[in-house]
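Input: a single structure, listed below in C-alpha cells.
The values are calculated or read from the model by the stated rules, or taken from the named source; none is laboratory data. Predicted, not measured: the structure shown is a model, and the values here were computed from it. Note that we place each Cβ from the backbone using ideal geometry, even for glycine, and neighbour counts take in every protein chain shown. When the accessible area is computed, the model is the full protein with side chains, heavy atoms only, and any ligands, DNA or RNA have been set aside. Shrake-Rupley method; radii C 1.70, N 1.55, O 1.52, S 1.80 Å.
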Amino acid sequence: MPSTRPTPSEKRTVGERGAAVESSSRPKPAPHIRLRFDSAREQHVLLGPESVVVLNHTGADILALCDGHHTVAEIVATLRERYDRVADDEVRHFLGRLTAKRYVVMDDG
Amino acid sequence: MDSPFGLLAELTYRCPLSCPYCSNPLNLGDYHDELTTAQWQRVLAEAQELGVWQLHLSGGEPLLRRDLAELVACARELGLYTNLITSALGLSQRRAEQLRAAGLDHVQISIQSDEPALSDRIAGTPSFHSKIEAARIVKELGWTLTVNVVLHRRNIDRVAGVLDLAEELAADRVELANTQYYGWAWRNRDALLPSRAQLERAEAVVRAARERLKGRMEILYVLPDYYSRYPKPCMGGWGKRQLTVTPNGDVLPCPAAHALPLPRASVHEDPLARIWADSPLFRCFRGTDWMPEPCRSCERREIDFGGCRCQAFLLTGDAARTDPVCHLSPDHDIVAERVRAANEETKTGAGVLTPRPHHGRRLSPG
Ligand code: SF4
Ligand code: SF4
C-alpha cells in the first residue's frame with residue numbers, strides 16, 4: 001500500500017469552526033459517513049474513513065433526525081419537545097460544525 | 001488499556017503496480033501464504049468483538065483477492081465501517097457494483113501524478129487511464145471519492161495539476177501525503193526526499209487551493225516527517241488505536257513493524273484479543289514506561305508517544321530510542337543530514353529508484 005497508512009483515528013469531539021446553517025435545510029449524513037451505536041461501549045459514533053466521532057446524548061438524538069427529510073427547524077422543534085433546555089443555537093452550531101467537516105451535508109429546500 | 005478502533009487488513013502484497021515508495025516489506029516473497037476467506041472472516045469477527053469500528057482493506061492491491069466483496073459483506077454484517085484502499089487497477093464496472101452491493105462504505109484511489117506519462121512511470125506500468133475510468137465509476141455509483149497521491153521528489157512539483165485533476169474527477173476529498181520512509185520507500189529514500197524549496201512551493205499551492213475549494217473538496221495534507229520539528233504520533237500510540245494483519249496472518253501494531261526485531265504474533269496461533277492484550281509485541285511499547293530520555297520527562301510524551309518505533313529502528317538500529325525526527329532527539333543529526341543532502345544545490349533529483357516487484361517474487365532465485 002502507499003507508504004501513507006490510514007491516518008490513525010483519534011476519538012474526536014466535533015471541531016470548533018462551523019458553517020452557516022439555514023432553518024429550511026434538510027441535513028443528512030454525508031454518503032461516506034455512517035452513524036452507529038456500539039452496544040458494548042454504549043456509545044453513538046459517526047464513522048468515516050479517517051474519523052471516529054463519539055457523540056453525546058443530544059448529538060446522537062440530533063443525528064438520528066438528520067435523514068434528509070426533516071428541516072433544521074423541525075429538528076429543533078422535536079428536540080424541544082424532548083428536552084427542556086435545547087437552545088436553537090446549540091443545534092445549529094452542532095450541525096454547522098459537522099457540515100464544515102463534511103460529516104453532514106444539507107439538502108437545501 | 002484501550003480497545004482498538006481500526007483494523008488495517010493487508011489482504012495480499014501482490015500488486016500490478018511497482019511504486020518505488022511502497023511501504024510493503026522488502027521480503028515480499030515471504031508472504032505468499034495468504035489467509036483464506038474463512039480465516040479472514042474469523043479475524044474480522046474477532047476484531048469486531050475486540051471493539052474495532054473501522055476496517056481498512058489494503059495490500060498490495062486488495063482487488064486481487066477474488067473474495068474481496070465477500071469480505072466486505074462479512075464486515076458490514078458485523079457492523080464495521082469498510083474503507084477500500086486501492087490502486088483501482090481491476091476496479092471494473094462489474095467489480096465496483098459487486099462491492100457497492102456488498103455495502104462497501106468508502107473508496108480511496110491512489111494516483112501517482114496528474115500527467116499520464118509520469119503517473120505510469122512511477123507506477124511502473126500503464127495504469128493512469130484505468131484509474132481515471134475507475135474514479136468515474138466510483139462517483140457514478142454514488143460513493144464519496146477520495147483521491148490519494150503520495151508526494152515525493154519526482155511529483156511534488158505537480159501538486160497544482162494534481163488538484164486540478166481531482167477537481168475534474170469531482171473528487172470529494174484529496175489526500176496529499178508526503179512519503180513516509182518504510183519498506184521500499186526506505187530503500188529509495190534518498191531519491192524520494194524532496195527539497196525544502198519544493199515543499200514550500202507545494203504547501204503554498206495547497207493553502208490557496210484549500211481557500212478556493214472550501215466546501216467543495218476537502219484537502220488533507222500529510223506533513224513531511226523529516227522536515228517536522230516533532231515526530232508524528234505514530235498510529236495514535238503503539239497498541240492503542242490500531243492493529244494490522246498482514247497477508248499471512250501476522251498481527252502488528254503498525255504496518256511497518258514487520259521490520260522490527262520483535263517476537264511475532266499470528267492469528268494462526270492466538271485470538272486477536274489475546275494478542276492485543278498480552279503479546280510481548282503489543283506490550284513492549286505501549287504507554288510511556290518504555291520511554292528513554294528525553295521523552296520520559298517530556299511534556300509531549302502523551303501527544304506524540306515519542307514518535308515512530310519503526311522509524312527509530314530504521315534510523316538508529318534501536319526501536320526503543322526517541323524518534324530521530326524529533327529535534328530533541330540525541331540522534332536528530334541523522335535526519336538533519338538526510339535533509340541537508342536533499343537540499344544540496346548539486347542534487348539534481350536524479351538518483352536511482354528501485355521499483356518494488358509486482359508479485360513479490362524473490363529477488364534472486366533459490
Ligand atoms: S506498489 Fe503502489 S499501488 Fe501497489 S501496494 Fe505498493 S504503493 Fe500500493
Ligand atoms: S522528546 Fe519524545 S515525547 Fe518529547 S517531543 Fe520529542 S519525541 Fe515527543
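Results, tabulated for the structure shown:
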| quantity | calculated |
| --- | --- |
| Pair list, Cβ under 6 Å, 6 or more apart: region B:289-318 residue over 18 Å from residue B:252 (Cα atoms), other residue β-branched (Val, Ile, Thr) and open to solvent by 30 Å² or more (accessible area, probe 1.4 Å) | B:301/B:288; B:315/B:334 |
| Scan of region B:226-245 for residues that are touching an Asp or Glu at 6+ places or on another chain (Cβ under 9 Å) and either within 11 Å of chain A (Cβ to nearest Cβ) or over 20 Å from residue B:313 (Cβ atoms) (or both), ordered by number | B:232, B:233, B:234, B:236, B:237, B:240, B:241, B:244, B:245 |
| Some residue of region B:265-288 being among the aliphatic types (A, V, I, L, M), loosely packed, with under 15 Cβ neighbours inside 10 Å and within 14 Å of chain A (Cβ to nearest Cβ) | yes |
| Candidates B:209, B:170, B:197 - the one that is at positive phi and surrounded by fewer than 23 Cβ atoms within 10 Å (Cβ to Cβ) | B:170 |
| Some residue of region B:291-303 being away from ligand 1 (no atom under 16 Å from the Cβ) and within 14 Å of another protein chain (Cβ to nearest Cβ) | yes |
| Enumeration of residues in region A:17-47 that are in contact (Cβ under 8 Å) with a residue 24 or more places away in the chain, within 19 Å of residue B:76 (Cα to Cα) and not in a loop (DSSP other than H, G, I, E, B) | A:29, A:35, A:46 |
| Region A:1-30, subset open to solvent by 10 Å² or more (accessible area, probe 1.4 Å) and at pLDDT 90 or above, residue nearest to the other protein chains (Cβ to nearest Cβ) | A:29 |
| Matching entry among B:78, B:63 (being surrounded by 22 or more Cβ atoms within 10 Å (Cβ to Cβ) and either within 16 Å of ligand 2 (Cβ to nearest atom) or at pLDDT 95 or above (or both)) | B:63 |
| Test: residue in region B:186-207 that is of a type in the set (A, V, I, L, M), facing chain A (nearest Cβ under 10 Å) and within 16 Å of ligand 1 (Cβ to nearest atom) | yes |
| Residue B:88 vs. criteria more than 10 Å from chain A (Cβ to nearest Cβ) and either within 24 Å of residue B:258 (Cβ to Cβ) or buried (at least 24 other Cβ atoms within 10 Å of the Cβ) (or both) | yes |
| Extreme residue, most open to solvent (accessible area, probe 1.4 Å), among residues of region B:15-33 that are more than 9 Å from ligand 1 (Cβ to nearest atom) and of a type outside the set (Phe, Trp, Tyr) | B:33 |
| Cβ pairs under 7 Å, 6+ apart, first in region B:10-24 and within 16 Å of ligand 2 (Cβ to nearest atom), second assigned to a loop (DSSP other than H, G, I, E, B) | none |
| Which listed residue is part of a loop (DSSP other than H, G, I, E, B) and among the basic types (Lys, Arg), from B:158, B:154, B:207, B:201 | B:154 |
| Filter result (surrounded by 20 or more Cβ atoms within 10 Å (Cβ to Cβ), away from chain A (no Cβ under 13 Å) and in contact with a Leu (Cβ under 9 Å, 6 or more places away or on another chain)) within region B:138-167 | B:153, B:154, B:156, B:158, B:159, B:162, B:163, B:166 |
